[in-house]
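Take a look at the structure below.
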Amino acid sequence: MSGTAQIGVTGLAVMGRNLARNFARNGLTVALHNRTVSKTRALVDEFGAEGTFVPAESAEEFVAALERPRRLVIMVKAGAATDAVIEEFAPLLEEGDVIIDGGNAHFADTRRREKELRERGIHFVGVGISGGEEGALHGPSIMPGGSTESYASLGPLLERIAAKADDGTPCVAHIGPDGAGHFVKMVHNGIEYADMQLIAEAYHLLRSVAGYSPAKIAETFRTWNTGRLDSYLIDITAEVLAHTDADTGKPFVDIVADQAEQKGTGRWTVQIALDLGVPVSGIAEAVFARSLSGHAGLRDASQSLPGPTAAPLDEAEAARFADQVEQALYASKIVSYTQGFHQIQAGSEEYGWDIDLGSVASLWRAGCIIRAAFLDRIRAAYDARRDLPSLLSDKQFAEEIGAAQDDWRAVIAAAVGQGVPTPGFSAALAYYDALRARRLPAALTQGQRDFFGAHTYRRTDREGSFHTLWGGDRSEVAG
């Protein structure tokens, strides 16, 4: 078999199959491989007319089908399965060939694999792919990390299959070395968690405080989706809320168990943020909200706990409250993106990736789950000032969140008064207020730490580290 395929895909479950079809639909010859050969045959039988596929039954045939430099995409389960596939194919490759991991790998694993394969003369590219099954087929947002040499070979192929923004720009860019691509995809998913939690809280408030039905809330979300909240998640939220269960005739949202699941990337985002010392409180609260929802026994045991009595709103009051919720949702959304981009910035500095935040915002404009109209403005903010400390340092975003703050606070006060949990909204406002505070109570925390553990503190009036001898004359000594 001569090497005719420009790219190959091994691992033909739904994501891998759709990605292979996307490559073929865009004029590339695609080599196919799967440990279970019947999946390879089934893809060719069902979708062979979509383009040129080269099926291979063995690893050796698969590698032989690829033109040099060989570009081999792995689409298998993250972790040990990915390592096993790499070890199967790496001995068959030559210097300059490229292995691409398109799964949801932990960026630390990607860094390890890139280093190991680089020492063997093989490029390793960790690629974050967002958009789910439909995105993989019709155009995802793609976040590749790895060497500049590997992107020179791989980039033009990825640009063919990526989603296109409204201005025609492919939603793909070289993020940076080794694990940068998977790191950015991880944070993308963390922002996604926060965004979904905020939307869920908005729904909960509109239903529990405003008294709206799911169908009425769907109409509200459709209206919001024509304005500044225009996004994929708002769009599908309206669809979910408008859906009626065929078996019961009830609103779909009422027959779904209120226990949310997660696959781990949101949890990773919070864990790595802690390692980097970056506050991502909105993302953390979203992760914890899913965790709490799953503790059915704990929730059942707490049903008799006392709480406030709901005060119903009249029609005009409910409409006014809905407008306030829109303000709170938008302001909290800005904070979520602020925290996510701060984490990317911190990771870039920690690992020497030199990530262009404007470019990241640009490639999230289409294809991915958090695609939203205001990403154009985020891109513009970072393009205008690459060293922007945070999105809240941008004049326009600062003005918008300032204009929203009164309604934001009113919504949270109403939620507290009526006993509706809003961990996402509340964490976002607390973050905002902490940033704008001239002094924080951390000074007291440092005094406590010095008292019980001699951890020292810094002073506001002179340089250095100090410790107070607590007890006796309580004199101060240099730390």
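Obtain the nm distance between the two label points defined at Ala410 and Lys250 by a simple spin-label model: each point lies 7 Å from its Cα along the Cα-to-C-beta direction.
About 3.4 nm separates the two model spin labels.
Compute the separation of the alpha-carbon centres of the range 153-216 and the range 72-130 and state it in Å as a whole number.
Comparing the Cα centres of the range 153-216 and the range 72-130, I get a distance of 24 Å.
What does the charge count around Gly277 come to, taking other residues whose C-beta lies under 12 Å from its C-beta (Lys +1, Arg +1, Asp -1, Glu -1)?
With Lys, Arg at +1 and Asp, Glu at -1, the net is -3.
Pull up the cross-link candidates among the lysines for Lys164, meaning alpha carbon to alpha carbon under 28 Å and not fewer than 8 places away within one chain.
Lys77, Lys185, Lys263, Lys333
How much length is gained on full extension from Trp470 to Thr52, taking 0.36 nm per residue of separation minus their Cα-Cα distance?
142.7 nm
Find the relative contact order for the chain and round it to a whole percent, using C-alpha pairs within less than 8 Å whose residues are 6+ positions apart.
13 percent
Relative contact order for the range 434-479 using alpha-carbon pairs under 8 Å, separation at least 6, rounded to a whole percent?
23 percent
Please compute the per residue accessible area over the chain with all protein chains in place, 1.4 Å probe, rounded to a whole number of Å².
46 Å²
Rounded to the nearest 20 Debye, what is the dipole magnitude of the range 284-349 about its Cα centre when Lys and Arg each give +1 and Asp and Glu each give -1 at the C-beta?
So the magnitude is around 280 debye.
Can you give the local net charge around Asp166? Use residues other than it whose beta-carbon is closer than 13 angstrom to its beta-carbon, Lys and Arg +1, Asp and Glu -1.
Combined, the nearby Lys, Arg, Asp and Glu give +1.
What's the FRET efficiency of Asp83 with Lys115 using the Cβ-Cβ distance as r and R₀ = 22 Å, to the nearest 0.05?
FRET efficiency, Asp83 to Lys115: 0.95.
Kindly provide the chymotrypsin sites (Phe, Trp or Tyr not before Pro) of the range 386-479 that DSSP labels as loop, not H, G, I, E or B, and whose Cβ sees at most 12 other Cβ atoms within 10 Å.
The qualifying sites are Trp470.
I'd like the carbon and sulfur percentage of the solvent accessible area for the chain, probe radius 1.4 Å, heavy atoms only, ligands and nucleic acids excluded.
51 percent
For the chain, what does -39500 (n - 2.57) per DSSP helix run (n ≥ 4), summed and divided by total residues, give at 222 nm, in deg cm²/dmol to the nearest 500?
-17500 deg cm²/dmol
Given contacts defined as C-alpha pairs under 8 Å and at least six residues apart, what's the relative contact order of the range 288-433, whole-number percent?
33 percent
Residues of the range 54-90 with the amide nitrogen closer than 11 Å to a label point 7 Å from the Cα of Val37, along Cα-to-Cβ, please.
56-59
Quick check: convex hull of the Cα atoms in the chain, volume per residue, rounded to a whole Å³?
Normalising the Cα hull of the chain by residue number yields 202 Å³.
Only four residue types carry charge here, +1 at the Cβ of Lys and Arg and -1 at the Cβ of Asp and Glu. Report the dipole size of the range 142-288 about the Cα centre in Debye, rounded to the nearest 20.
60 debye
The values are calculated or read from the model by the stated rules, or taken from the named source; none is laboratory data. Not measured: the values here are computed from a predicted model. All Cβ positions, even for glycine, are placed from backbone atoms using ideal geometry, and neighbour counts span all protein chains on display. Calculation scope for accessible area: heavy atoms of the full protein, side chains included, ligands and nucleic acids excluded. Shrake-Rupley method; radii C 1.70, N 1.55, O 1.52, S 1.80 Å.
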